[in-house]
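Let me begin by presenting the structure, written as structure tokens, before commenting on it.
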Amino acid sequence: MKGDFKLKLLFLCASHTLLHVYTKLPVVLLPILIDEYGLSVLIAGIIVAVPRVFSLVFSVPCGLLADRLGHTKLISFSLFLQVFAASLIILFPAVETVVPGFSLSAPASTFYHPPALSATSNVLPTDFLSRGLGFHGASGTFGISLGPITLGLVLSWFEWRYVYLIWIIPIFVVAVIAFFVNISEPSREEHDESKGKSLTTPLKDVLSVTFLSFLLLMLFRSAAGGTISTYLTTYLTEGKGLDVGLASTVFGLGPLIGLTSVIMGGYVGDRLGWKRSLTSIFSAVTVALFCVFVSASTFQTVLFYLVYGFFSSMTMPITSSLVAKIVPTKSRGTAYSLQFVPMTIVGIVMPIILGILIDLFEIWIIFPIAIVFYIVVLIITQVLKM
């Protein structure tokens, strides 16, 4: 199976890219939604949070299904769900329909990641694990950047909904292909053995003290990153006076520049080990974010934000490879789904809390909050044992 891993990895990377082209669009669209529908910052934050409730509900079931039913059919289903979500947003312009469209896009990502990460870790040779996960993570980062960049271009000629139309056909094509291909399914022996297990067996394999400590790390890391990503475009438009299209492009450039850093993160993780690499990277992230906060000019703000995005992306392959090392192969789908639970909880709670704080103070409050979270992450990294 691992002899032809490069072709399988290429397909998984392509599907990961297309899955994520819609991921950050609701956040980037916040200034437009506020203006178009007359929303307050708090209500807009709630709209962003609602889809993540769906992700939280489906997180663990998706992992359990990935461990029992295989990978490619769930990958295909997740992409078809993206197509349906985009169709709702394109065809029905009312805010009452846009919110369900955003909401369906979130569980699509939830259905995708446990089987896709399990498949990727299964097809990769041991000596290529971190680097291969780095390439897979980079493909998702590329997709995250493509959405806002495409939106920035679309806004020059059309309304914002056309960005969903542009990507719907390639997503549909890859969804069809994923339905028929076999990327990394369990052997007959493993499949027969999994039939005899209860649904709670993978949870028992996963919920160790080590893995729970890892989830705590991911909770604060997600809180820090989400604090910035949710309201960055709003900060650039309201705090720095940028045009919405330009702010969207800047937001998209962050993960685009992070493409190289994700791959570098895989190499650094293999060479330095997880603790030294994460300590170095999170330290650089904290310093870069502080520089964004104190920057006087728009140019400096954008420059240091791109530096921040570069280092932030380096952590992805390291944390993904940690899951593969901590958890048995047969339970990785469950483990990867649980890895996203802290991110989902943060995604639900933080936009609402931040909306309240921004109304009480100003948009700049997101930076000290994120810096404090990153300091907590550094502390947890030092005491964590694996």
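The values are calculated or read from the model by the stated rules, or taken from the named source; none is laboratory data. Because the structure is predicted, anything quoted here is derived from the model rather than measured. Glycine also receives a Cβ, built like all others from the backbone with ideal geometry; neighbour counts cover every protein chain displayed.
In this structure, Thr120 does not qualify as over 20 Å from Val268 (Cα atoms), among the β-branched types (Val, Ile, Thr) and buried (at least 24 other Cβ atoms within 10 Å of the Cβ).
Considering only the stretch 355-369, state which residues are surrounded by fewer than 24 Cβ atoms within 10 Å (Cβ to Cβ) and assigned to a helix (DSSP H, G or I). Before the answer, list the steps.
Initially, the stretch 355-369 is screened for residues surrounded by fewer than 24 Cβ atoms within 10 Å (Cβ to Cβ), giving 355-365, 367-369.
Result: Gly355, Ile356, Leu357, Ile358, Asp359, Leu360, Ile363, Trp364, Ile365, Phe367, Pro368, Ile369.
Among the listed residues Ile169, Ile144, which satisfies the condition of being under 19 Å from the mean Cα position of the chain (by Cα), in a helix (DSSP H, G or I), of a type in the set (Val, Ile, Thr) and within 23 Å of Phe102 (Cβ to Cβ)? The conditions single out Ile144.
Of all the listed residues (Leu212, Leu236), the sole one being closer than 30 Å to Pro328 by Cα, modelled with pLDDT of 80 or more and in a helix (DSSP H, G or I) is Leu212. The number of residues in the stretch 358-378 being out of contact with any Phe, Trp or Tyr (no Cβ under 6 Å at 6 or more places or on another chain) and under 17 Å from Leu39 (Cβ atoms) comes to 2. Any residue at all in the stretch 320-342 that is more than 30 Å from Val57 (Cα to Cα) and in contact with a Leu (Cβ under 7 Å, 6 or more places away or on another chain)? No, the stretch 320-342 contains no residue that is more than 30 Å from Val57 (Cα to Cα) and in contact with a Leu (Cβ under 7 Å, 6 or more places away or on another chain). Checking each residue in the stretch 1-16 for being surrounded by fewer than 20 Cβ atoms within 10 Å (Cβ to Cβ) and in a helix (DSSP H, G or I) picks out Lys2, Gly3, Asp4, Phe5, Lys6, Leu7, Leu10, Phe11, Ala14. Within this structure, Ala284 fails the test of being aliphatic (A, V, I, L, M) and under 15 Å from the mean Cα position of the chain (by Cα).
Residues are listed down the side, and each one gets a yes or a no for (1) surrounded by 14 or more Cβ atoms within 10 Å (Cβ to Cβ); (2) part of a helix (DSSP H, G or I); (3) at pLDDT 85 or above:
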residue	(1), (2), (3)
Val163	yes, yes, yes
Asp192	no, yes, no
Ser198	no, no, no
Asp205	yes, yes, no
Ala224	yes, yes, yes
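Just one of the listed residues (Val292, Val262) is in a helix (DSSP H, G or I), at pLDDT below 80 and surrounded by 22 or more Cβ atoms within 10 Å (Cβ to Cβ), namely Val262.
Taking Ile352 as the residue in question, decide whether it is in a helix (DSSP H, G or I), surrounded by fewer than 17 Cβ atoms within 10 Å (Cβ to Cβ), in contact (Cβ under 8 Å) with a residue 24 or more places away in the chain and of a type outside the set (D, E, K, R). So Ile352 fits the description; yes.
Could you list, in sequence order, the residues of the stretch 295-307 that are assigned to a helix (DSSP H, G or I) and either more than 20 Å from the chain's Cα centre (by Cα) or not β-branched (Val, Ile, Thr) (or both)? Within the stretch 295-307, Thr298, Phe299, Gln300, Thr301, Val302, Leu303, Phe304, Tyr305, Leu306 qualify. Can you find a residue in the stretch 123-137 that is part of a helix (DSSP H, G or I), crowded, with 24+ Cβ neighbours inside 10 Å and hydroxyl-bearing (Ser, Thr, Tyr)? Yes: the stretch 123-137 contains one or more residues that are part of a helix (DSSP H, G or I), crowded, with 24+ Cβ neighbours inside 10 Å and hydroxyl-bearing (Ser, Thr, Tyr).
The one condition from (1) under 24 Å from Ile47 (Cα atoms); (2) β-branched (Val, Ile, Thr); (3) surrounded by fewer than 19 Cβ atoms within 10 Å (Cβ to Cβ) that Val250 does not meet is (3).
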